[in-house]
Amino acid sequence: MKIHRIWIVLSVLVLAALACQVPGSTPAVPAAPDLPPPTPVVKDVQVPVTIDTAEQQETLVSLYERVMPGIVSLQTVGEQGGGLGSGFVYDTQGHILTNYHVVEGATQVEVDFTTGYKIYGTVIGTDLDSDLAVVKVNAPASELNPVPLGDSDLLKVGQTVVAIGNPFGLSGTMTTGIISALGRTLESQNDAPGGGFFTAGDIIQTDAAINPGNSGGPLFNLNGEVIGVNRAIRTTNFSGTGEPVNSGIGFAIAINIVKRVTPVLIAEGKYDYPYLGISSIDELSLPQIEALGLQSFTGAYVTSVTPNGPADQAGIRAGEEISSSGLPAGGDLIIAIDGQNIQRFDDLLRYLINNKSPNDSVVLTVLRDEEQVDVTVTLGKRP
């Protein structure tokens, strides 16, 4: 049985040692007769942060009990065999959210509720760019308990998060971790012109244990609000049956994208993303910056522009002559969009996905030939 979905890369574990210096003690000196004792010198001391484990335990237990009625397991059947995944109730009309890759190619989708109730569902909307799907079920009202949705714009690295899903078919499994990073990117399921795939942006990285079968399940904050939809892991570890297993790097689709996309999937079955028509390097190294002659360490460097695409029509320039770094030199370096500074291509993509739609206009601030230029671009939609 196929259990969805794993990204595999080489992982390196680095162990860091922290040295603590303890000042030596000074021998006590008796005070002179009839003189008051010397005033002690009080140094600043960093008080260790303590965690009330009983309170934390109660928080997690309460969270699990509150949200479990809204979490489901999915079993699919298709030409390639069967598969397992996770999902959650979006509304009282019977809409279930999961990953696109969980239901991709499925001819039968079974939705299993925590009460033991089971029902077949119908896929009514898919989004290959963010890897989302909506499954409709005609379940009794007592089974439809939507989970609350949070605000991923408020997330901070280091916050505690909770994943609940169906890893390896073990339904109702709860794991905890932290937000490891924000604004990551992954390849989407959508083919890009000229080969490769479009990029999915605003991805949350977490070290909460996510394994095959967790795909499509919710990632919660400690308030019991969904702040992401679990999508993928990166690993070099495999089970005895050859299934990739968690190595501490998992990815979830930020919930603000989900909130933007899902109503359109329910109404129209698909969602159109804004389209610039450029390719960019995620982050340039110092030798690359020097070889390209760039005047800034940050920004999205344009390596190619799609002919007749929105950026091309607006006059955005790509590099042409190959530099010593192997990259085409002479391209625009995008340093801001609509007045908001960007450090990497990830930031540009995150802004577009969360704030813009096809036919909207944006102002790109670029460094070109050591000059700062504002270029207005009318966005298209991804092909």
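The values are calculated or read from the model by the stated rules, or taken from the named source; none is laboratory data. Nothing here was measured: the structure is a model prediction, and the numbers come from that model. All Cβ positions, even for glycine, are placed from backbone atoms using ideal geometry, and neighbour counts span all protein chains on display.
Some notes on this structure:
- Candidates are the residues of region 60-95 that are β-branched (V, I, T) and in contact (Cβ under 8 Å) with a residue 40 or more places away in the chain; the one that is nearest to V258 (Cα to Cα) is V89.
- Residues (over 10 Å from the mean Cα position of the chain (by Cα) and either under 12 Å from G217 (Cα atoms) or not hydroxyl-bearing (S, T, Y) (or both)) located in region 176-186: G177, I178
- Meets criteria (in contact with a Phe, Trp or Tyr (Cβ under 9 Å, 6 or more places away or on another chain) and either farther than 18 Å from G194 by Cα or among the small types (G, A, S) (or both)) for E283: yes
- Any hit, region 334-343, residues being modelled with pLDDT under 90 and either farther than 27 Å from D127 by Cα or touching a Ser or Thr at 6+ places or on another chain (Cβ under 7 Å) (or both): no
- Residues that are within 30 Å of I278 (Cβ to Cβ), surrounded by fewer than 14 Cβ atoms within 10 Å (Cβ to Cβ) and touching a residue at least 24 places away in the same chain (Cβ under 8 Å) occur at least once in region 137-151.
- Applying the condition of being closer than 17 Å to A141 by Cα and among the charged types (D, E, K, R) to region 74-117 and asking which residue is surrounded by the most Cβ atoms within 10 Å (Cβ to Cβ) yields D112.
- Selection status of N354, under 24 Å from the mean Cα position of the chain (by Cα), within 20 Å of D202 (Cα to Cα), surrounded by fewer than 13 Cβ atoms within 10 Å (Cβ to Cβ) and modelled with pLDDT of 90 or more: no
- Within region 236-256, if we keep just the residues that are closer than 18 Å to S86 by Cβ and among the β-branched types (V, I, T), the residue that is modelled with the lowest pLDDT turns out to be V245.
- Residue check for A311: at pLDDT 95 or above, outside any strand (DSSP E or B) and within 26 Å of P383 (Cβ to Cβ): yes
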